[in-house]
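Input: a single structure, listed below in structure tokens.
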Amino acid sequence: MLNFDLGYARGDFRLSANATIGSGVTGICGPSGSGKSTLLLLIAGLLSPSSGTIKAGDEVLVDMEQRKIVPAWERHFGLVFQDGQLFPHLTVRSNLLYGFERIASHMRRLDLQAVAELLEITHLLDRRPALLSGGERQRVALGRALLYSPRLLLLDEPLSSLDERLKQQILPFLKRIKEETHVPMLYVTHARAEVEYLADQVMTMDRGNLQPAP
């Protein structure tokens, strides 16, 4: 379970977000510029808040009063961006195993074969990203994040760079991840239909304020 109560300021922009993220998929919807991706970066540890706290279970990740900030690489969250951000010089297999090989063996909850079969990318393992379609690249990015065995999967507009046909191909894979791996997910998007398909709870971000969806 993730609890956060955060404030963030950058120029004229102000963000205020207080929520509890449990199991399943939590969707955050809102227009471009509303602060959705900023919130995800704060949770991931790629930005530092101006004030507030983040807790993962009983572990304090951020406490700005105490000047405590656990760095991103120690939070053990998986992060998937809209463009996948695969390593172009590595094969699909090596991309998938990048995080897997950097965690202790006792932390590994999934293996390469299981994830490749789950996302139907077994036949792509020896290819390089330049030879993949947009949908295939996103499936590899999802697989890489899963093989890191994260305690929380953070998805930042993962389908926004895809056309409608590819979106409809990827959404069932996201639902399969939810149902078969049980990794909690925080899913940020401007497309309400995506979170209605996937999410167990939905919140909205509007001008930096996070609220339960109406």
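Computed from phi, the 3J(HN,Hα) profile of the range 55-67 under the Karplus parametrisation 6.51, -1.76, 1.60 (θ = phi - 60°) reads 10, 10, x, 8, 8, 8, 8, 9, 8, 5, 5, 8, 6 Hz, with x in place of Gly and Pro.
Tell me which of Val25, Leu147, Thr181 sits at the most positive position along the dipole axis of the chain, charges placed on C-beta atoms (Lys, Arg +1; Asp, Glu -1). Result: Leu147, furthest along the dipole toward the positive end.
Computed from phi, the 3J(HN,Hα) profile of the range 86-98 under the Karplus parametrisation 6.51, -1.76, 1.60 (θ = phi - 60°) reads 6, 7, x, 8, 9, 5, 4, 4, 5, 4, 4, 8, 4 Hz, with x in place of Gly and Pro.
How much mean residue ellipticity at 222 nm does the chain get from its helices, if each DSSP H run of length 4 or more adds -39500 (n - 2.57) and you divide by all residues, to the nearest 500 deg cm²/dmol?
On the way: 7 runs with 68 residues, N = 214.
Value at 222 nm, helices only, nearest 500: -9000 deg cm²/dmol.
With both labels modelled 7 Å from their Cα along Cα-to-Cβ, the Ser32 to Arg192 distance reads 1.9 nm. If you take the Cα centroid of the range 48-126 and the Cα centroid of the range 127-161, the two points sit 11 Å apart. Pairwise Cα separations in the range 6-52 fall into 10 Å bins from 0 onward with the following percentages, short to long: 24, 58, 17, 1.
Given their separation in residues at 0.36 nm each and the Cα-Cα distance between them, Ala104 and Glu180 gain 25.1 nm when the chain is fully extended.
For the chain, the tally of Lys pairs with Cα-Cα distances below 29 Å comes to 10, considering only residues 8 or more apart or on different chains. Among Arg102, Arg151, Arg75, the largest mean-square fluctuation in a Gaussian network model of the chain (Cα springs under 10 Å) belongs to Arg102. Scan (i) 15.4, 47; (ii) 16.9, 50; (iii) 17.6, 65 for the value of Rg and Dmax of the Cα atoms in Å calculated from this model and give just the label. Step by step, Rg and Dmax of the Cα atoms in Å for this structure corresponds to label (ii).
About its Cα centre, the range 2-212 has a charge dipole of approximately 300 debye under the convention of +1 per Lys or Arg Cβ and -1 per Asp or Glu Cβ, with nothing else charged. Sequentially through the range 199-213, phi angles give Karplus couplings (6.51, -1.76, 1.60; θ = phi - 60°) of 7, 8, 9, 10, 10, 10, 10, 9, 6, x, 10, 9, 9, x, 5 Hz, Gly and Pro residues having no value and appearing as x.
State the extension gain, in nm to one decimal, for the chain segment bounded by Ser23 and Glu65, taking 0.36 nm per residue of separation less the distance between their alpha-carbons.
Values: separation 42, 0.36 × 42 = 15.12 nm, distance 2.82 nm.
So the extension gain works out to 12.3 nm.
Among Pro184, Pro49, Pro31, the residue with the largest mean-square fluctuation in a Gaussian network model of the chain, with springs joining Cα atoms closer than 10 Å, is Pro31. Test of understanding: extend the Cα→C-beta vector of Arg128 to 7 Å, then name every residue of the range 92-107 with backbone N under 11 Å from that spot. It comes to 92, nothing else. Dipole of the chain computed with +1 at Lys/Arg Cβ and -1 at Asp/Glu Cβ about the Cα centre; of Ala191, Phe81, Ser105, farthest Cα towards the positive end is Ser105.
FYI, it's all coordinate maths here, none of it is from the lab. These numbers were taken from a predicted model, which means no experiment stands behind them. Neighbour counts run over all protein chains shown; Cβ positions are idealised from the backbone, glycine included.
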